[in-house]
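The values are calculated or read from the model by the stated rules, or taken from the named source; none is laboratory data. Only a predicted model underlies this, so the values are computations on that prediction, with no experimental measurement involved. FYI the Cβ positions are ideal-geometry reconstructions off the backbone, even for glycines, and counts take in every protein chain you see.
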Amino acid sequence: SGWRVRSVPLRSPASATVKALRGPHGTAASSCESWLAQRRRSSGSRECVPSLGNATAATFHVTGAYWLYTRTRLGYMFYKRQLRKARERYPAGHSKTQTTIINGIKITPIPALSDNYSYMIVDTSSNFAVVVDPTDPQSVQAYLEEERVTLEAILCTHKHWDHSGGNRILRRLYNSCRVYGNNMDNIPGLTHPLADKDTIEIGTCLRFRAFYTPGHTVGHIIYLLDGRSYGGPSCLFSGDLVFLSGCGRMFEGSALTMLSSLDTVSSLNDETLLWPGHEYAEDNLLFAADVEPGNVAREQKLQWVLQQRSQRLCTSPSTLGEEKEYNPFLRSHTQGLQWALGLKQNPDEDWTAYRARVLEELRRRKDLYKRR
Ligand SMILES: [Zn+2]
């Protein structure tokens, strides 16, 4: 079944109150990571381990700032402020995106904040729309009105405000819209709690499967649009679990937990298209170049990504087949990477435990990695 990619022009600013650009200073970044970075700069965060109601809390690297971000009103206020700043700084979005059309299903990345992507999935036969992680409710609303489609469901990967911040406003605007996510993650506006491998049907052509993938948060979920439901490739909306050549930070889980979630991704078909929650490709591939300098697939992808990013073009989607070749976080089983990290399996060490140790070391290096 043939499919085509159609370019769509940049949408006019969703915000009616776009002011003059404020100039180069003042980062518009607003993900959980940037919140932490800002807190660290401003207050030199003091370590504390809040109760997450989990026996493995001792293994978590949880700072007071992270607790404030996820558990209090301050996090939401921070997100709202960053949203305002980003709308001013990038009135047409941080990146230029394209709509992919496959057998009447349209997938459009919607840039938001400084590097987030929400994804709109529209079944053109019924005009039903689904949005994954509505970061900026204004841009989602603008899209729905422009395309004259009905928002049937919000698929939320996790609780962080840069992924779930639009849920409540959209629910208020479109009150028949369902909100999916995991109960354990305090998803705002949640109406349909999901368990591992639950399926979600939207109209006749869209069937999603939810996979429980903890590690970044305790209730993280990824969504697989089943290719068989519409006669195209399957599409994975991976939130903050997997990015192009990267993986999310392990805020609320051990390396072993994260490894098991990453293995869920690796078990999926190589033709699956990957639609991650952030535009991190360039940074991630430069880090990958550091740890696996001789990887030819990675070098080719890096050259392509540099070209795309020089024109601020979106780098989604890649395929899982590609990711398995260059994404170091999906390659903990390869000897080349293990050696590059200076690790060796201990004689009494279980293979999975060893791979978790490889992943932990990789994540540690990425956390410390500073570009240039
Ligand atoms: Zn997150």
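Looking for whichever is of a type outside the set (F, W, Y) and modelled with pLDDT under 95 here; the options are N175, N127, N116, N167. Which one fits?
After applying the criteria, what remains is N175.
Might you let me know whether segment 210-223 holds any residue that is buried (at least 24 other Cβ atoms within 10 Å of the Cβ) and away from the ligand (no atom under 16 Å from the Cβ)?
There is no residue in segment 210-223 that is buried (at least 24 other Cβ atoms within 10 Å of the Cβ) and away from the ligand (no atom under 16 Å from the Cβ).
So which pairs qualify, if the first residue must be in segment 292-308 and within 18 Å of Y280 (Cβ to Cβ), the second must be modelled with pLDDT of 95 or more and among the β-branched types (V, I, T), the Cβ gap must be under 7 Å, and the two must be at least 6 apart or on different chains?
V305/T315; Q308/T315
Closer than 18 Å to K370 by Cα, among the acidic types (D, E) and modelled with pLDDT under 95, is that true of E282?
Considered against the rule, which asks whether it is closer than 18 Å to K370 by Cα, among the acidic types (D, E) and modelled with pLDDT under 95, E282 comes out as no.
Return the residues of segment 182-201 that are within 21 Å of T135 (Cβ to Cβ), more than 16 Å from the ligand (Cβ to nearest atom) and either polar (S, T, N, Q) or surrounded by 21 or more Cβ atoms within 10 Å (Cβ to Cβ) (or both); say none if nothing qualifies.
Of everything in segment 182-201, those that are within 21 Å of T135 (Cβ to Cβ), more than 16 Å from the ligand (Cβ to nearest atom) and either polar (S, T, N, Q) or surrounded by 21 or more Cβ atoms within 10 Å (Cβ to Cβ) (or both) turn out to be L190, T191, L194.
Step by step: first the residues of segment 313-372, then only those that are in contact with a Lys or Arg (Cβ under 6 Å, 6 or more places away or on another chain) and crowded, with 17+ Cβ neighbours inside 10 Å, then the one that is nearest to T99 (Cα to Cα). Which residue is that?
Residue satisfying both the conditions and the ranking: Y326.
So if I check each of Y66, Y76, which one is outside any loop (DSSP other than H, G, I, E, B) and crowded, with 22+ Cβ neighbours inside 10 Å?
Of the residues listed, the single one that is outside any loop (DSSP other than H, G, I, E, B) and crowded, with 22+ Cβ neighbours inside 10 Å is Y66.
Filter segment 230-256 for residues that are surrounded by fewer than 20 Cβ atoms within 10 Å (Cβ to Cβ) and under 12 Å from P214 (Cβ atoms) and give the result.
S254, L256
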